[in-house]
Amino acid sequence: MHRTLELTIPSTATDSLQQELASLDSVIGLSLQRGASLKPVGDVLTVHVLNRGADEVLRRARAAVQKREDLSVVTSEVASFISPADHHAVDDDRDEAIWEEMESGLRHQGRITTNYLVLMGLGGIIAAIGLVSDPVPQAVAFVASAIIAPGFDPMTKVPLGLVLQRWVLVWHGLKSAFAGYAVLIAASAATMAALIATGETDATALATNSEVEHLMHPKLTELLVAAAGALAGVVMLAAFRRSFQAGPLIAMAFIPAAALIGAGLVVGRPDLAVEGLERFGADWGFIVSLGVPFLWLKQRFLHRRQPLV
């Protein structure tokens, strides 16, 4: 999708900035309302820009305003640009998210809220049931838990924060991941305890389940699927294709692996919990080790700027 950027800037910067933005081929439309903004006080420049030009608009806006605090930006997606004079430029646009949009999306999805923790807990319940289920319901449970539990976004904050040297983002990612997965592990432990108490399953059924064996001793092919899923998730984040992120989550195994930690502790098999922790760490390692170089390349050759915040 293309973008509309609404820039609120001090009136002293308006004339020079509007001339610069008007000269950019990627800017399809530009309008000015002098003195229109009451908070913050200033002029409002509305910029209809192609994805490939959004970073340049923000770069020039930041350079035009002396104090960073005097610049305010609102971004939004545009369904289409219908401009016959710019048809070829519009047709040649690319799919890229800007740093601020990536961070905002991750902040929304991975913030420690009641909804976030409840969804992580529900994902843990479903994954724990899947650990002792037959193959078909097990597959359904694992897929459902991967989609329900918002466990990917907090992890992705870490490579993004490392690349941008936004240490607060790294901290928030680690904190959200710890809180969310603590709830998931606790929920899976409580679920397994309930299943054992009602006679639905036992430690043997958990330890001998074929998929648990795959979690404990993954083959190279399974690790490659997880690695590809991890990188695909980061690529989708950078390409602003969040609606397709269910695929990478399903390809990875960190939700059932985390559930195995809780389940293994409950049945008195700490070795199972350790194996689950190792697989969980491996999948998170894929996100960090593959996400950092990918996002670094985006910064080095595409965005070439620090976020405005």
Conditions (1) more than 28 Å from R166 (Cα to Cα); (2) in contact with a Lys or Arg (Cβ under 9 Å, 6 or more places away or on another chain); (3) modelled with pLDDT of 95 or more; number of the one not met by R34: (2)
Limited to the stretch 242-284, what total is found for residues that are within 14 Å of D153 (Cβ to Cβ) and not in a helix (DSSP H, G or I)? 2
How many residues are free of Cβ contacts under 8 Å to residues at least 60 places away in the same chain, of a type in the set (D, E) and assigned to a strand (DSSP E or B) if we restrict to the stretch 33-87? 1
Quick check: anything in the stretch 115-136 outside any helix (DSSP H, G or I), exposed (fewer than 14 other Cβ atoms within 10 Å of the Cβ) and touching a Lys or Arg at 6+ places or on another chain (Cβ under 6 Å)? no
Residue among V74, V90, V78, V44 that alone is at negative phi and open to solvent by less than 20 Å² (accessible area, probe 1.4 Å): V44
Per the list (1) out of contact with any Ser or Thr (no Cβ under 8 Å at 6 or more places or on another chain); (2) closer than 28 Å to V47 by Cβ; (3) part of a helix (DSSP H, G or I); (4) charged (D, E, K, R), residue check on E101 breaks on (1)
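The values are calculated or read from the model by the stated rules, or taken from the named source; none is laboratory data. Computed from a predicted structure; not experimentally measured. Glycine also receives a Cβ, built like all others from the backbone with ideal geometry; neighbour counts cover every protein chain displayed. Note: areas computed on protein heavy atoms with side chains; ligands, DNA, RNA excluded. Shrake-Rupley method; radii C 1.70, N 1.55, O 1.52, S 1.80 Å.
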